[in-house]
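Read-outs: derived from the displayed coordinates by stated rules, not from any lab. Keep in mind that what you see is a predicted model, and the values were worked out from it rather than measured. A quick note on method: Cβ atoms are made from the backbone with ideal geometry, for glycine too, and the neighbour counts reach across all protein chains shown.
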Amino acid sequence: ATNRTFTMIKPDAVANGHAGAILDRIIKAGYKVVALKYTKLSAETAGQFYAVHSERPFYKDLVSFMSQGPIYAAILEKDNAIEDFRKFIGATDPAKADAGTIRADFAKSIDANAIHGSDSDENAAIEGNFFFSNFERF
Ligand code: CMP
């Protein structure tokens, strides 16, 4: 069935000049862009976005990394979007990502891993709502 996922092109990929190439691959892979913005998380908003990870040992580094520079945030629509997009971007740890995936090609480390993809319908909705109002979705 058609569903929607949420993604961010993370500060490392934006700073390294890969955002255009990554967006191009996403669109060519058949994802419809429902919403898109170039923005920057503060330490406070990154902390809120990742609140689900607040008890994890990597939380502090994650919040600091994600607020260090601008990102692109987007809502994407496709048949089986959540599952397909996670395969398309590759494993969280780029050392374990399959060849040809976004993380294999653009990510440097488990923190600087270039891109985010929602892990469930429920989280895709929560994450999309964090960044976008109904007037920003088409
Ligand atoms: P993402 O799934 O987009 O959101 C949580 C992020 O935490 C994850 O990407 C990684 O970049 C980062 N992270 C750092 N260490 C870990 C870890 N051990 N397990 C999972 N995520 C981690």
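Remarks
- Selection from Gly20, His53, Phe88 lying farthest towards where the dipole of the chain points positive, charges on Cβ: Gly20
- In the chain, the convex hull through the Cα atoms has an average projected area of 7.7 nm², a quarter of its surface area.
- Helix-only CD estimate at 222 nm, as mean residue ellipticity for the chain, using -39500 (n - 2.57) per DSSP H run (n ≥ 4): -10500 deg cm²/dmol
- Check: region 2-136 dipole with +1 on Lys, Arg Cβ and -1 on Asp, Glu Cβ, in debye: 320
- With the simple spin-label model, which puts each label point 7 Å out from Cα in the Cβ direction, the Glu77 to Lys28 separation comes to 2.4 nm.
- Fluctuation leader among Asp93, Asp84, Asp61 - the chain, Gaussian network, Cα springs under 10 angstrom: Asp61
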